[in-house]
Structure formats: structure tokens, C-alpha cells
């Protein structure tokens with residue numbers, strides 16, 4: 001019986017993705033949870049896994065195709081089975097997508113428009129309508145001339161290039177030569193701010209050189225005693241919002257608007273936890289050392305096991321209590337914030353957890369998100385920046401996120417006297433439709449007990 005490979009839903013605002021690379025070809029053996037393909041969202045590259053064992057019968061879409069989330073993109077069946085014979089076992093939507101000829105490798109994507117003259121994706125139509133753009137003037141680069149979101153963005157960029165400030169951005173990418181990027185990196189120049197003089201406003205090496213030479217003069221002329229920190233924009237400039245930043249904004253705006261947040265704060269004495277961490281790291285090489293965030297993630301994973309109501313998701317009018325404990329680790333990258341996911345966090349030992357969280361962070365900074373859409377709970381830690389405490393916005397459709405502050409020595413009451421202890425403040429930000437105050441307090445108490453008493 002054939003099974004489907006579907007595009008996962010990484011967040012509440014992503015509507016379609018681009019196929020970047022197929023990891024398995026037609027006829028290849030596939031095992032459950034093995035990577036079948038990689039797709040690109042507005043924020044990152046994510047991996048799509050097989051949901052069962054078998055043979056990849058057919059790729060239903062080609063590289064660079066834009067595919068709606070939730071869409072069936074491949075079929076997996078038994079050895080010797082064909083995609084055509086397997087379509088009786090899968091929904092009609094997938095059956096219609098299967099090519100009818102053996103030589104076909106690409107399936108036309110249907111358009112949401114009834115207008116046969118203009119083929120455009122739903123996202124492209126929505127964006128064009130919002131910006132007042134006539135799609136008839138936009139050249140489509142998708143299959144069979146279909147217009148996608150990038151085509152609309154490029155059309156807008158070209159239409160406003162004469163009035164724009166700084167670099168040309170197409171589809172969230174800076175148009176610049178490799179030499180220009182190298183010079184910008186060497187001189188610490190934010191390439192987003194450099195006007196390009198090449199074809200289609202492409203940034204050339206000489207543009208970066210000129211901008212770097214003029215920047216100090218501009219600052220001196222304005223009487224500024226200080227210049228922005230490395231990587232910060234030049235005051236008075238304007239740049240187009242990147243696709244990642246826009247996606248982050250839409251997702252968090254939706255969460256803040258539709259989810260009734262409430263926050264519960266607790267202080268945790270980290271004396272024992274930091275002592276255990278020191279012992280564990282004594283014999284470990286630097287790349288395998290356990291971080292403070294690893295301690296917190298493990299504490300949360302075990303608390304989620306005890307209070308499974310927090311390990312939940314809201315979907316329509318149902319609360320889904322998740323069987324797996326997958327903890328998202330909020331990670332800062334160049335263009336914003338992403339959340340790779342540590343799957344089965346409750347069953348990992350210290351070595352496994354430390355290695356995997358480091359790998360997740362490295363992949364995220366390289367543009368790939370591991371475990372996208374699988375998270376059941378998120379940890380966001382700003383303690384390394386000296387932040388005492390803060391509130392966070394829930395990563396939908398999860399029901400809670402833990403905001404972690406810095407560990408600081410504080411004077412506290414100890415058995416009728418006073419003493420100094422390394423204290424850490426955490427704030428559980430919860431969806432009040434699912435989690436009540438008492439449950440939030442019990443969950444935090446479990447985290448506190450583990451870090452103060454049980455950790456080993």
C-alpha cells in the first residue's frame with residue numbers, strides 16, 4: 001500500500017515552498033524518517049522525511065517547482081509496484097498528480113485562478129492584489145510560465161529601483177558580485193546599504209570600496225562621535241525587508257494577535273546545576289561541552305514528560321497532546337530568529353544532547369532548519385547577553401515557550417540567614433486556552449526541582 005510524502009507545515013504563515021533538492025530518486029529504497037528531499041521556505045531550508053519504508057515510486061514535482069504546504073510530492077510503495085498502480089491506495093489529489101507517461105519528470109502545478117490567460121500561485125495573486133499590481137505585466141518564471149511570489153517581488157523591485165536606497169534585493173537575496181561580497185566582509189561593510197552601479201543595480205567591488213571610503217566622512221560631517229556596531233545599518237538608510245524577516249514578523253504577529261498569552265515567572269537556584277555541569281565538562285573536549293541551555297532543555301523535557309498537558313498543540317477546536325517531546329531551541333541567525341528542533345529530547349543522554357544542539361545551531365546558521373514543524377515546546381535563552389528576564393511570543397501551534405534569563409549572583413534567604421547564590425529567572429509564556437495558571441506553576445516547579453535537586 002503506497003504512502004505519501006507531503007510538504008510539512010513549518011509555521012502558520014508559510015503557504016508554499018520551493019523544491020531545492022531530491023535526496024532520493026525514483027526506484028531508490030527509502031526507510032522511515034530518512035530524508036527524501038529538501039525544500040526552501042521564506043526563512044530557511046528544511047528537510048522532508050519519509051513516513052514509511054519502501055521504494056520511492058515517483059517524484060511528483062521537479063527541482064525549483066513551487067509547491068503548497070501539505071501537498072503530496074512523492075509516493076512510496078513496495079518494490080515492483082508502479083506509481084500508476086499505487087494511486088488506488090492514495091487520495092485522488094495525489095493520483096491526479098502522477099504523470100501518465102514514463103518519461104515525464106515534472107507535473108504542472110494547477111493555478112488557483114480561473115483566468116486561463118494568467119497562471120499565478122495563490123501567494124503571488126494575494127501579494128499582487130495587495131500592492132495593486134497587474135499580473136499581466138509580470139513575467140512568470142515557474143513551470144509553464146506560472147507567476148510565483150518571487151516574480152512579483154522582482155517586478156516591484158525593478159519598478160521602484162530608481163527611488164530605492166541601498167542594495168537591490170530580489171527574492172530576499174542581495175544582488176552583488178562575489179568580489180563585492182568578499183570586500184564587504186573584509187571591510188566590515190553592511191552590503192545591504194551599498195548602492196549598486198552594475199547591470200540591474202548589481203553591486204560591484206568598486207561600489208563597496210567607494211561606500212567604505214565615504215562612510216567615515218559621512219559620519220564626521222554629521223557630527224557623530226560613534227559609528228554603528230558591526231553589522232548594524234547606517235542611520236538614515238532604508239532597505240527592503242528580507243523574506244525571512246517578513247515571515248518572522250507575520251508568524252509572530254499572528255501568534256500575538258490570536259493566542260491569549262499569560263506569563264508565570266520563577267527564580268531557580270543554579271548552584272547544584274552549575275556544579276554538575278562543571279563536573280561533566282571536566283573530561284570533555286570543547287566541542288562536546290554541555291551548555292547552560294542544555295541543562296534547561298533537559299529540565300524542560302523531563303517536566304514535559306511529567307506534565308504532558310503542556311506538551312500540546314491547538315488545532316482548530318481540538319487540543320492535541322503530543323506523544324513525542326520535541327524541544328525547539330530558538331537560535332539567532334544573521335537575518336533573524338529560527339527554531340531548529342531537538343527531537344525526542346527526553347530520551348537523549350548528555351553527550352547526545354550536547355552534540356545535537358550544537359549541530360542544530362550550526363545547520364541553522366548555514367540556512368538549514370532541522371525538525372521544522374515538529375516542535376512541541378520551545379526554549380528561548382537570552383542569558384548569554386546578560387538579560388535578566390524577558391517575555392517571549394509563543395511559536396504556534398505550540399502552547400508554551402520558556403524565556404530564560406542570565407544566571408546572576410544574588411543575595412537570598414537561606415535557612416533563616418542570608419547568602420549569595422547563582423540565580424536564574426525563567427518565564428513560562430503560555431496559551432491560556434490550553435494552560436491554566438496552576439498547571440504553568442506546576443510545570444515550572446518541576447523544572448526548578450530538577451535543576452536544584454535532581455540533576456546529576
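Quick notes on this one:
- Matching residues, the range 198-219, being surrounded by fewer than 19 Cβ atoms within 10 Å (Cβ to Cβ), touching a helix residue (DSSP H, G or I) at 6+ places or on another chain (Cβ under 8 Å) and either at pLDDT 80 or above or assigned to a helix (DSSP H, G or I) (or both): 200, 204, 205, 209, 212
- Complete set of residues in the range 1-21 that are surrounded by 18 or more Cβ atoms within 10 Å (Cβ to Cβ), at pLDDT 80 or above and more than 14 Å from the chain's Cα centre (by Cα): 3, 4, 5, 7, 16, 18, 19
- Candidate set: the range 333-353, residues that are under 9 Å from the mean Cα position of the chain (by Cα) and assigned to a loop (DSSP other than H, G, I, E, B); chosen: the one nearest to residue 47 (Cα to Cα): 340
- Qualifying residue in the range 304-326 (condition: assigned by TED's automatic domain parsing to the domain that holds residue 449, surrounded by 23 or more Cβ atoms within 10 Å (Cβ to Cβ) and within 18 Å of residue 291 (Cα to Cα)): no
- Unique residue being in a helix (DSSP H, G or I) and under 22 Å from residue 303 (Cβ atoms) when the list is 363, 356: 356
- The one condition in (1) modelled with pLDDT under 75; (2) within 26 Å of residue 185 (Cβ to Cβ) that residue 247 fails to fulfil: (1)
- Counted residues, the range 351-369 - those being crowded, with 18+ Cβ neighbours inside 10 Å and in contact with a helix residue (DSSP H, G or I) (Cβ under 7 Å, 6 or more places away or on another chain): 3
- Residue pairs meeting the criteria (Cβ under 8 Å; at least 6 apart or on separate chains; first within 16 Å of residue 244 (Cβ to Cβ), in the range 346-374; second at pLDDT 85 or above and in a helix (DSSP H, G or I)): 369/363
- Every residue from the range 227-263 that is more than 29 Å from residue 442 (Cα to Cα) and not in a loop (DSSP other than H, G, I, E, B): 243, 244, 245, 246, 247, 248, 249, 250
- Qualifying residue in the range 397-409 (condition: touching a helix residue (DSSP H, G or I) at 6+ places or on another chain (Cβ under 8 Å), over 29 Å from residue 435 (Cα atoms) and modelled with pLDDT of 90 or more): no
- Of the residues 427, 434, the single one that is surrounded by fewer than 22 Cβ atoms within 10 Å (Cβ to Cβ), within 18 Å of residue 256 (Cα to Cα) and modelled with pLDDT under 95 is 434.
- Of residues in the range 135-164 being part of a loop (DSSP other than H, G, I, E, B) and within 28 Å of the chain's Cα centre (by Cα), the one modelled with the highest pLDDT: 140
The values are calculated or read from the model by the stated rules, or taken from the named source; none is laboratory data. Owing to the predicted nature of the structure, the values given are computational and were not obtained by experimental measurement. Every residue, glycine as well, gets a Cβ built from its backbone with ideal geometry; the counts of neighbours run over all protein chains shown.
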